[in-house]
Amino acid sequence: MVEVLVLYYSRTGRTEALARAVAEGVETLEGASAKVKRVDYATVNDFISCDAVAFGSPNYFSYMAGLMKDFFDRALTIRERVSGKPGAAFTSGGGSSNSALLSLEKMIASFRLEKVADGVVSQGETGEESLKVCKQLGEALAKRALERAEVPKD
Ligand SMILES: Cc1cc2nc3c(=O)[nH]c(=O)nc-3n(C[C@H](O)[C@H](O)[C@H](O)COP(=O)(O)O)c2cc1C
């Protein structure tokens with residue numbers, strides 16, 4: 001069984017709805033399970049133990065939410081232990097700017113994760129289309145995690 005961590009922050013529920021859609025996508029694949037965690041309840045051990053990870057945040061001042069950034073700051077010392085894991089990001093904003101998404105994708109690069117899907121920018125109230133692409137993002141993460149699990153580790 002591979003585990004996909006869906007790590008998110010949300011204050012008014014929009015990003016949380018996207019996170020749940022990502023998890024739904026993960027669990028459409030046999031052998032994959034999703035662990036959905038709001039970032040202030042997560043530890044770096046969740047990052048170490050997962051097989052793939054999705055990061056979700058609202059757009060705050062053209063960046064990810066502060067609590068998300070704090071998580072990455074805390075994870076700096078375990079960077080080597082997560083490199084290579086499949087990753088992807090999704091965001092919710094009042095406008096259509098992709099600035100928060102770029103900030104999360106910068107972290108995907110900094111932690112040397114493998115970006116496996118285009119990121120999602122959801123504008124305003126969370127709509128069906130955003131939920132659909134988040135579900136697909138979850139499927140892509142689970143698929144890649146399962147492929148990696150098949151390759152024997154020496
Ligand atoms: C402190 C703060 C700063 C924000 N800054 C931006 C911003 O720069 N750009 C934007 O599009 N939306 C901005 N928003 C709007 C939120 O990103 C938007 O309402 C989002 O959908 C909320 O997600 P949530 O329901 O998951 O909390 C801001 C909201 C707050 C509370």
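At-a-glance table
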| read-out | value |
| --- | --- |
| Hits in segment 36-57 (condition: under 11 Å from the mean Cα position of the chain (by Cα) and away from the ligand (no atom under 16 Å from the Cβ)) | Phe47, Ala52, Val53 |
| Hits in segment 42-57 (condition: surrounded by fewer than 20 Cβ atoms within 10 Å (Cβ to Cβ) and assigned to a helix (DSSP H, G or I)) | Val44, Asn45, Asp46, Ile48, Ser49 |
| Any hit, segment 7-14, residues being farther than 19 Å from Cys134 by Cα and surrounded by 18 or more Cβ atoms within 10 Å (Cβ to Cβ) | no |
| Conditions (1) touching a strand residue (DSSP E or B) at 6+ places or on another chain (Cβ under 8 Å); (2) surrounded by fewer than 19 Cβ atoms within 10 Å (Cβ to Cβ); number of the one not met by Ser122 | (2) |
| Counted residues, segment 106-136 - those being in a helix (DSSP H, G or I) and free of Cβ contacts under 8 Å to residues at least 60 places away in the same chain | 8 |
| Residue list for segment 58-91, restricted to those being touching a Leu at 6+ places or on another chain (Cβ under 6 Å), within 11 Å of the ligand (Cβ to nearest atom) and not in a loop (DSSP other than H, G, I, E, B) | Phe90, Thr91 |
| Matching residues, segment 24-41, being in a helix (DSSP H, G or I) and touching a Leu at 6+ places or on another chain (Cβ under 9 Å) | Glu24, Gly25, Val26, Val39, Asp40 |
| The lone exception for Leu101 - which of (1) touching a Gly at 6+ places or on another chain (Cβ under 6 Å); (2) away from the ligand (no atom under 16 Å from the Cβ) it fails | (2) |
| Residue in segment 13-20 that is more than 16 Å from the ligand (Cβ to nearest atom) and under 15 Å from the mean Cα position of the chain (by Cα) present | no |
| Number of positions in segment 1-23 that are in contact with a strand residue (DSSP E or B) (Cβ under 8 Å, 6 or more places away or on another chain) and part of a helix (DSSP H, G or I) | 8 |
| Segment 88-105 residues that are closer than 12 Å to Ala65 by Cα and at pLDDT 95 or above, paired with ones that are near the ligand (Cβ under 10 Å from one of its atoms) and assigned to a helix (DSSP H, G or I) (beta carbon under 7 Å, 6 or more apart) | Thr91/Ala100; Ser92/Arg14; Ser92/Thr15; Ser92/Leu18; Gly93/Ala100 |
| Complete set of residues in segment 104-144 that are within 16 Å of the ligand (Cβ to nearest atom) and of a type in the set (Val, Ile, Thr) | Val120, Val121, Thr126, Val133 |
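The values are calculated or read from the model by the stated rules, or taken from the named source; none is laboratory data. Everything numeric here is computed off the predicted structure, so don't read it as measured data. Virtual Cβ from ideal backbone geometry, glycine too; neighbours counted across all protein chains shown.
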